[in-house]
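The values are calculated or read from the model by the stated rules, or taken from the named source; none is laboratory data. Since we're looking at a predicted model, the values are computed, not measured. Please note: Cβ atoms are built from the backbone with ideal geometry, for glycine as well, and neighbour counts cover all protein chains shown. To get the accessible areas, we keep the full protein, side chains included, count just its heavy atoms, and leave off ligands, DNA and RNA. Shrake-Rupley method; radii C 1.70, N 1.55, O 1.52, S 1.80 Å.
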Amino acid sequence: MRRKLVVGNWKMHGSRLANAELLAALLAARPFAADVAVCAPAVFLSEVAASLAASDIRWGAQDVSAHEQGAYTGELSAAMLQEVGCRYTLVGHSERRAYHAESDQLVAQKAQAALAKGVTPIVCVGETLAEREAGQTDAVVKRQLSAVIHQLAHCAAEMVVAYEPVWAIGTGRTASPEQAQAVHAVLRAQLQAATGRGDSMKILYGGSVKADNAATLFAQADIDGGLIGGASLKAADFIAICRAAQ
Ligand code: 13P
């Protein structure tokens, strides 16, 4: 039985005050039956780490450099994330693929850089609306995942995968539990074929997960939790989603 994981992706939101209030509420709501983590803007990670250090709630970054160190202005290395205690980092979020032109190959290299420092990459995959309507959903997510599987080779089973259909992100238009489950099953089969450990790997769903739809999504056989954007910024909503993951 896979333990569920709920991860909040704060994206470019938050402030010292807002973060402190959100984390205080989250800490007060424990214990959760699922593992819980928040991916905060990098500038806040040390403070988030200090707030959560004595708890079982984990924290992570939203991106990582593919490079180990060097003249890469503005980037953050996996070693830096490790040093501030990040358990996770997102890689290949669709907003980075779209606005920062991140290729499948770069995403794969980032995942490898994270794993090399013991930071678990949460590898995001997902199709656009045009790709779904053209019947390309499975092909797109398999291509995106395949690049990472190839790069990580024997370590591929260490990653977490997040299926985030681009058309469901921030739109209020959630994939139906059946639509999400169908893609998760495809991804799990791919992971199983590549690693032999697909049955123990976590595949999260992201895209307009809210307090009122989380339980049905998380009840699907291959959905192991969620990657939560907007609703992770509101304590009551995020707590309700964490509680929906049993
Ligand atoms: P929303 O939950 O706001 O749709 O965002 C999903 C997401 O992109 C999480 O990474």
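Tabulated data
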quantity	calculated
Anchor residue 210: aspartates and glutamates whose Cα lies under 17 Å away (excluding residues fewer than 8 positions away in-chain)	164, 178, 224, 237
Contact order normalised by residue count of the range 180-246, Cα under 8 Å, 6+ apart, percent	32 percent
Amide proton proximity set for residue 6, modelled H, under 5 Å, gap of 5+	35, 36, 37, 226
Among 213, 126, 163 - extreme Cα towards positive end, dipole of the chain, charges at beta-carbon	213
Cβ charges +1 (Lys, Arg) and -1 (Asp, Glu), total dipole of the range 151-222, debye	60 debye
Estimated dipole of the chain in Debye, rounded to 20 [Cβ of Lys and Arg +1, of Asp and Glu -1, Cα centre]	360 debye
Selection from 172, 61, 241 lying farthest towards where the dipole of the chain points positive, charges on Cβ	241
Residue 185-residue 243 pseudo-label distance in nm [points 7 Å out on the Cα-to-Cβ vector]	3.2 nm
Zone residues, the range 185-217, relative to residue 173, backbone N less than 19 Å from point 7 Å out along Cα-to-Cβ	206-210, 213
Mean separation of Cα contacts under 8 Å, 6 or more apart, over the residue count of the range 69-150: relative contact order %	32 percent
Dipole of the chain, positive end: most advanced residue of 48, 72, 152 [Cβ charges, Cα centre]	48
Over the range 54-99 - Rg/Rh using Cα atoms and the Kirkwood inverse-distance radius	1.02
Semi-axis lengths, Å, the range 159-209, gyration tensor of Cα atoms, sqrt of 5 times eigenvalues	23, 10, 7
Helix-only CD estimate at 222 nm, as mean residue ellipticity for the chain, using -39500 (n - 2.57) per DSSP H run (n ≥ 4)	-12000 deg cm²/dmol
Solvent-accessible area per residue for the chain (1.4 angstrom probe, square angstrom)	44 Å²
Sulfur and carbon atoms: percent of accessible area, the chain [1.4 Å]	53 percent
Within the range 102-212: Cβ-based charge dipole about Cα centre, in debye rounded to nearest 20 (Lys, Arg +1; Asp, Glu -1)	280 debye
